[in-house]
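**Student:** Just passing along the structure, written as structure tokens.
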Amino acid sequence: MRRKMVAGNWKMHGNLSENKQLLNAIVTSLDGLQGVEFLVCVPYLYLPSVQDTLQNTNIAWGAQNVSQYEKGPYTGEISASMLNDFECRYVIVGHSERRALFGEDSHTVAKKYQAAQRAGITPILCVGETLEQREAGTTEQVIEDQLAAVIKLTGVESLVSAIIAYEPVWAIGTGRTASPEQAQDTHSFIREGIEKQNANIANGLTILYGGSVKASNASELFDMPDIDGGLIGGASLVAVDFVAICRALHQ
Ligand code: PEP
């Protein structure tokens with residue numbers, strides 16, 4: 001089923017006391033809001049305390065990355081079953097920062113997506129083009145290839161229990177947002193591509209937009225027919241901004 005969701009990606013920010021303050025403010029402000037899912041994806045180390053704070057609230061918690069391996073000699077890695085120990089229901093895979101800065105190619109991303117699903121965790125699969133790729137007119141090809149790597153490994157049916165986040169790399173953390181029309185075009189391209197393979201799955205697929213979403217531009221993005229919510233970086237670290245974005249989707 002197509003759901004509405006606002007997910008925060010804290011990246012490598014925060015500390016125990018800042019997190020507590022941020023979450024307390026968000027929990028209070030979003031209390032009782034129904035029909036939209038709220039999520040924060042936090043650094044691994046903070047999962048136990050975030051779990052503690054968010055237990056019995058309407059805000060879910062998740063991770064920003066997961067190992068493609070189940071267990072073994074993989075120093076520094078965190079497996080999907082470890083995320084399960086902290087009741088993570090979601091994990092981001094294939095964020096452009098992981099692809100660009102940590103060398104994750106689409107096959108590795110597909111393995112991570114598969115590892116999450118095997119553990120019963122919903123992957124939020126990030127796809128998106130760089131500025132050079134957009135200017136070269138290859139946006140659709142890039143996204144098709146990123147999706148194809150996952151579909152080749154896990155089948156189109158796996159998208160039933162996944163979320164896609166379209167995040168144009170040139171809009172992430174830059175203050176430059178895709179226009180609602182640009183974002184809608186790519187979202188509908190993604191949905192139509194999946195529709196050719198399985199119409200039911202395409203109709204039920206949740207596709208989030210990410211890239212400098214702010215309180216001031218959230219509503220116009222969320223009004224687009226194929227945008228089901230947002231993946232929010234910078235603005236998820238400021239309680240009033242994150243809450244305003246959540247409310248924009250809720251309306
Ligand atoms: C992100 O990191 O996924 C993101 C969308 O960041 P920002 O909102 O800061 O552009």
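**Student:** Return the carbon/sulfur percentage of the accessible area of the chain, one whole number, probe 1.4 Å, all protein chains in place.
**Tutor:** Using a 1.4 Å probe with all protein chains present, the chain comes out at 51 percent carbon and sulfur.
**Student:** Need the C-alpha centroid separation for the range 20-46 versus the range 142-195, integer Å.
**Tutor:** The distance from the Cα centre of the range 20-46 to that of the range 142-195 comes to 25 Å.
**Student:** Okay, helix-only estimate at 222 nm for the chain: each DSSP H run of n ≥ 4 adds -39500 (n - 2.57), divide by all residues, round to 500 deg cm²/dmol; what do you get? List each step's numbers first, then the result.
**Tutor:** On the way: 11 runs with 108 residues, N = 251.
So the helix-based figure for the chain works out to -12500 deg cm²/dmol.
**Student:** Filter the chain for me: DSSP H helices, axial length by Cα at least 15 angstrom, mean Kyte-Doolittle hydropathy not below 0.0. List them by residue number.
**Tutor:** Membrane-span-like by this rule: 16-30, 139-154, 239-250.
**Student:** Right, another one. Cross-link list LYS11/LYS112; LYS20/LYS71; LYS71/LYS111; LYS71/LYS152: which exceed 20 angstrom alpha carbon to alpha carbon?
**Tutor:** LYS20/LYS71; LYS71/LYS152
**Student:** Probe of 1.4 angstrom, ligands and nucleic acids ignored: what's the accessible area per residue over the range 5-250, in square angstrom?
**Tutor:** 44 Å²
**Student:** Could I ask something else about it? To the nearest whole percent, what portion of all C-alpha pairs in the chain is separated by more than 28 angstrom? Walk me through the numbers before you get to the answer.
**Tutor:** Numbers: 8331 of 31375 pairs.
Of all Cα-Cα distances in the chain, 27 percent exceed 28 Å.
**Student:** Let's see if you can work this out: charge +1 on each Lys and Arg Cβ, -1 on each Asp and Glu Cβ, no other charges. What is the dipole magnitude of the range 38-147 about its Cα centre, in debye to the nearest 20?
**Tutor:** Dipole of the range 38-147, to the nearest 20 debye: 360 debye.
**Student:** A further question follows. If you place +1 on the Cβ of every Lys and Arg and -1 on the Cβ of every Asp and Glu, how big does the dipole about the Cα centre of the range 5-250 come out, in debye to the nearest 20?
**Tutor:** In total the dipole reaches around 520 debye.
**Student:** First check a/c for the range 111-251, with a ≥ b ≥ c the square roots of the eigenvalues of its C-alpha gyration tensor; if it is under 1.5, answer rounded, and if not, answer prolate when a/b is larger than b/c or oblate otherwise.
**Tutor:** It is prolate, given that a/c is not under 1.5 and a/b is the larger ratio.
**Student:** Continuing with the same structure: With the calculation restricted to Cα positions, what are the radius of gyration and Dmax of the range 72-154 in angstrom?
**Tutor:** 13.9, 44
The values are calculated or read from the model by the stated rules, or taken from the named source; none is laboratory data. Keep in mind it's a predicted model, so treat the numbers as computed, not measured. For neighbour counting, all protein chains shown are included, and Cβ atoms are generated from backbone atoms with ideal geometry for every residue, glycine included. The accessibility values were calculated without ligands, DNA or RNA, using every heavy atom of the protein model including side chains. Shrake-Rupley method; radii C 1.70, N 1.55, O 1.52, S 1.80 Å.
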